[in-house]
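Engineer: One structure, as structure tokens, below. Some questions next.
Values in this text are rule-based calculations from the coordinates and carry no lab data. Since the model is a prediction, treat every value here as computed from it, not as a measurement. Using ideal geometry, Cβ is built from the backbone for each residue, glycine included, and neighbour counts are taken over all protein chains shown.
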């Protein structure tokens, strides 16, 4: 209704929809109706380095044409040209070959990220700040809505209430009220914190000495040799596997008894942490010797078989087992660090539960193995193999870094470098050619693409004549003058190259 009251020419802008993009997931209305002077709100963040706008920012339409929208921000006295935004309908699937999650673009929806906005909802106002606002909170229905609306203002002097503020209509969050009425006294909280801290320490200690899962994996690995023929590569290492499995299983009885001792120590009304620390140090020294020996032997076995042909499956099997074994050793080492923190009175935190020895444990173990193998060159898989290779092969597995999502213009540029035409790029990316040309406008402005790569010299000369002496901000007068002689895409490309 407010738009109809503006006595200016109305423009309609329609979404560019390619392939599969169902109406039920349209991010904005398919048709955007605007007039000069209309108040609009951006519904997306500006992805460009300039960051001219953000989701929820409000501006006024300064000028319009069939292909241009200029938005003015009065508070900053800044005017920008709105650019279209690309939404994708993406299907995710698992690659049967690599087992990686991949995405397939089914369709695209390209439109201006704008909505008419003489008023916005309380929800949409979150994160915004206003000097002045006219509020109607008479119909709030959720706890906190009125607070969100009122707290958008810098000061009460800019507040205009469109309806009376009914305090009985502003409900309190029941969870907050329950917490406030049932909040414990400070002494109770301190006692609770102490009890929970002790419970955490006990749980952490027991986990550090609990190797039942590890022993089970070693048992499964040991049993897997029964399926191997006597002449297979894996069968040749059966005795070694039995020895390592026996070593881990030999610790279970003593480890179980120590876990029970931890339970008894922490069941006392007063816990003597110094005594607990003494027992932990004794257990640590007893168990670490075997745990460390098995981990080193496993790393050495991996180094031994990695050079052999047809050993990939066995290599991967040992690598998985090695990761479990090494993590068990590291947990044991962190147990001692925890007790050092406790008895010294320092704060327990994730950052504190480590040490230089823990951080370099695996790399140091590999370095020792490499040094030993240098003494026996016949065991080396590659002559003069460097430390970097070994560390790369056997470093603790880390998650692959997430692929950084490319800017849409960069995706277009990479396809352009592959010698694809504008039409081919549009088809490949499931976008319209107009959208692809808008990418080239940015690429020309960035100096990545030259105008002569897109338009023939004769056409550029004709455009130069048309632009001679032209100083208007918008291209609409030029388009009206030349009509179909030049397309909007050609005008925008030339302006980008010479603006």
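Engineer: Quick one: if the Förster radius is 35 Å, what FRET efficiency do residue 77 and residue 136 give, using the C-beta to C-beta distance and rounding to 0.05?
Structural biologist: That pair, residue 77 with residue 136, gives E of 0.75.
Engineer: Here is a further query. For residue 320 and residue 25, compute 0.36 nm times the residue count separating them, minus their Cα-Cα distance, and round to one decimal in nm.
Structural biologist: That works out to 101.9 nm of additional length.
Engineer: What is the fewest-to-most order of 71, 441, 28, 270 by other Cβ atoms lying within 10 Å of their Cβ?
Structural biologist: The fewest-first ordering by Cβ neighbours comes to 270, 28, 441, 71.
Engineer: Go from 0 up to the bin containing the longest alpha carbon distance in the range 186-394, width 5 Å each, and give me the % of pairs per bin.
Structural biologist: 1, 6, 13, 16, 15, 14, 11, 8, 6, 4, 2, 1, 1, 0, 0
Engineer: At 0.36 nm per residue, and after removing the present C-alpha to C-alpha distance, how many nm does the segment from residue 54 to residue 312 gain when stretched out fully?
Structural biologist: Here the segment from residue 54 to residue 312 would lengthen by 87.8 nm.
Engineer: Compute the separation of the alpha-carbon centres of the range 101-132 and the range 288-355 and state it in Å as a whole number.
Structural biologist: 48
Engineer: How would the range 19-59 be classified by its alpha-carbon gyration tensor: rounded, prolate or oblate, with rounded meaning a/c under 1.5 and the a/b versus b/c comparison settling the rest?
Structural biologist: Cα axes put the range 19-59 in the oblate bin.
Engineer: Could you calculate the FRET efficiency of residue 349 with residue 470 from 1/(1 + (r/R0)^6), where r is the beta carbon distance between them and R0 is 56 Å, rounded to 0.05?
Structural biologist: With R0 = 56 Å, the Cβ-Cβ based efficiency is 0.30.
Engineer: Nearest 10 degrees is fine. How inclined is helix 488-498 to the longest principal axis of the chain, computing both from alpha carbons?
Structural biologist: Between the helix axis and the principal axis of the chain, the angle is about 70 degrees.
Engineer: Using the alpha-carbon centroid of each, what span in Å lies between the range 412-468 and the range 259-284?
Structural biologist: Taking the Cα centre of each part, the range 412-468 and the range 259-284 sit 73 Å apart.
Engineer: How high is the relative contact order of the range 408-498, given as a whole-number percent (alpha carbon pairs under 8 Å, six or more residues apart)?
Structural biologist: Taking the mean separation of contacting Cα pairs over the length of the range 408-498, I get 31 percent.
Engineer: Quick one: if you take sqrt(5λ) for each eigenvalue of the C-alpha gyration tensor of the range 408-498, what semi-axes come out, biggest first, whole angstrom?
Structural biologist: Semi-axes, largest first: 24, 13, 12 Å.
Engineer: Tell me what the chain gives for mean residue ellipticity at 222 nm when only DSSP H runs of n ≥ 4 count, each as -39,500 (n - 2.57), the sum divided by the residue total, rounded to 500 deg cm²/dmol.
Structural biologist: Helices in the chain give a 222 nm mean residue ellipticity of -15500 deg cm²/dmol.
Engineer: What share of the DSSP beta bridges in the chain is antiparallel, in percent to the nearest 5?
Structural biologist: 90
Engineer: What spacing in nm lies between the two simple spin-label points modelled at residue 243 and residue 148, each 7 Å away from Cα in the Cβ direction?
Structural biologist: 6.6
Engineer: Using only alpha carbon positions, build the gyration tensor of the range 275-355, then give the equivalent ellipsoid semi-axes as the square roots of 5 times its eigenvalues, largest first, whole angstrom.
Structural biologist: 34, 14, 7
Engineer: Further, regarding this structure: What is the spin-label model distance, in nm, from residue 250 to residue 156 if the labels are put 7 Å beyond Cα along the C-beta direction?
Structural biologist: For the pair residue 250/residue 156, the computed spacing is 7.9 nm.
Engineer: Can you bin the range 10-118 into rounded, prolate or oblate? Criterion: square roots of the alpha carbon gyration tensor eigenvalues sorted a ≥ b ≥ c, rounded for a/c under 1.5, prolate for a/b above b/c, oblate for the rest.
Structural biologist: prolate
Engineer: Which whole number in µm²/s is D for the chain by Stokes-Einstein, with the Kirkwood Rh taken over Cα pairs at 4 °C and 1.567 mPa s?
Structural biologist: Stokes-Einstein gives a translational diffusion coefficient of 42 µm²/s.
Engineer: In what sequence, highest mean first, do 486-499, 248-261 appear when ranked by Cβ atoms within 10 angstrom?
Structural biologist: 486-499, 248-261
Engineer: Hey, another quick one. Give the angle, between 0 and 90 degrees and rounded to the nearest 10, that separates the Cα long axis of helix 212-224 from the longest principal axis of the Cα atoms of the chain.
Structural biologist: Orientation of helix 212-224: about 80 degrees from the principal axis.
Engineer: A follow-up question, please. Taking only the Cα atoms of the range 161-288, how large is their convex hull per residue, in Å³?
Structural biologist: Residue-normalised Cα hull volume stands at 253 Å³.
Engineer: Sort out for me the Cα centre separation of the range 31-100 from the range 177-252, rounded to whole Å.
Structural biologist: A separation of 52 Å, based on Cα centres.
Engineer: If the chain between residue 367 and residue 213 were fully stretched, how many nm would it gain, using 0.36 nm times the residue separation less the Cα-Cα distance?
Structural biologist: Computed gain between residue 367 and residue 213 is 52.6 nm.
Engineer: Okay, moving on. Mark the label point 7 Å from the Cα of residue 421 along Cα→Cβ and return the residues of the range 437-471 whose backbone N is within less than 17 Å of it.
Structural biologist: Answer for this model: 437, 453-457.
Engineer: What FRET efficiency, computed as 1/(1 + (r/R0)^6) with R0 = 51 Å and r the Cβ-Cβ distance, is obtained for residue 428 and residue 289, rounded to the nearest 0.05?
Structural biologist: Taking R0 as 51 Å, the efficiency between residue 428 and residue 289 is 0.25.
Engineer: Taking only Cα atoms, what is the 0 to 90° angle, nearest 10, from helix 238-267's long axis to the longest principal axis of the chain?
Structural biologist: The angle comes out near 80 degrees.
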